[in-house]
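Let me begin by presenting the structure, written as structure tokens, before commenting on it.
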Amino acid sequence: MTEQEILKEFEILETGSQFISVNFKGLQKEFGGRFIAIRDKEVIADADTFNDVKKILDAQKLNFSKTIVQFIPREGEIILY
């Protein structure tokens, strides 16, 4: 992987993370308790499990490495890592 490709992947990660942060409350209301896939500041898939999101992306022939997948907790839930 070239340095340019690595920088592009970091940019995708940063853009997706910022989108989630800025829009978290709205995402939580709409997708709480689900996994979402984000690309270009848009939710392109959602499902109950990570694997189901991956299957949706694969079926649409979307490049998984250019997509952010994140679990969105329900309102009032706390996720500890």
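Every number here is computed from the coordinates shown, using simple stated rules; none is lab data. Quick caveat: nothing in here was measured; it's all calculated off a predicted structure. Methodologically, a virtual Cβ is constructed for each residue, glycine included, from the backbone with ideal geometry; neighbour enumeration extends over all protein chains shown.
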Problem set entry | In Hz, Karplus ³J(HN,Hα) per residue of the stretch 9-16 (6.51, -1.76, 1.60; θ = phi - 60°; x = Gly, Pro) | 5, 5, 5, 4, 4, 5, 4, x
Exercise. For the pair Phe64 and Glu42, what calculated FRET efficiency results from E = 1/(1 + (r/R0)^6), where r is the Cβ-Cβ distance and R0 = 22 Å, to the nearest 0.05?
Worked result: 0.90
For this session: Please get the size of the charge dipole for the chain, origin at its Cα centre, with Cβ charges of +1 on Lys and Arg and -1 on Asp and Glu, quoted in debye to the nearest 20.
Result: 200
Seminar exercise, completed: HN-Hα couplings for the stretch 30-47 via Karplus (6.51, -1.76, 1.60; θ = phi - 60°), in whole Hz with x for Gly/Pro, come out as 7, 10, x, x, 10, 8, 10, 10, 10, 9, 6, 6, 9, 6, 9, 6, 8, 6
Problem set entry | Gln4-Glu75 pseudo-label distance in nm [points 7 Å out on the Cα-to-Cβ vector] | 4.7
Exercise. Going through the chain, which trypsin sites (Lys or Arg not before Pro) have at most 12 other Cβ atoms within 10 Å and a DSSP loop state?
Worked result: Lys41, Lys61, Arg74
Problem set entry | Pairs of lysines in the chain (C-alpha under 17 Å apart; 8 or more residues apart or interchain) | 6
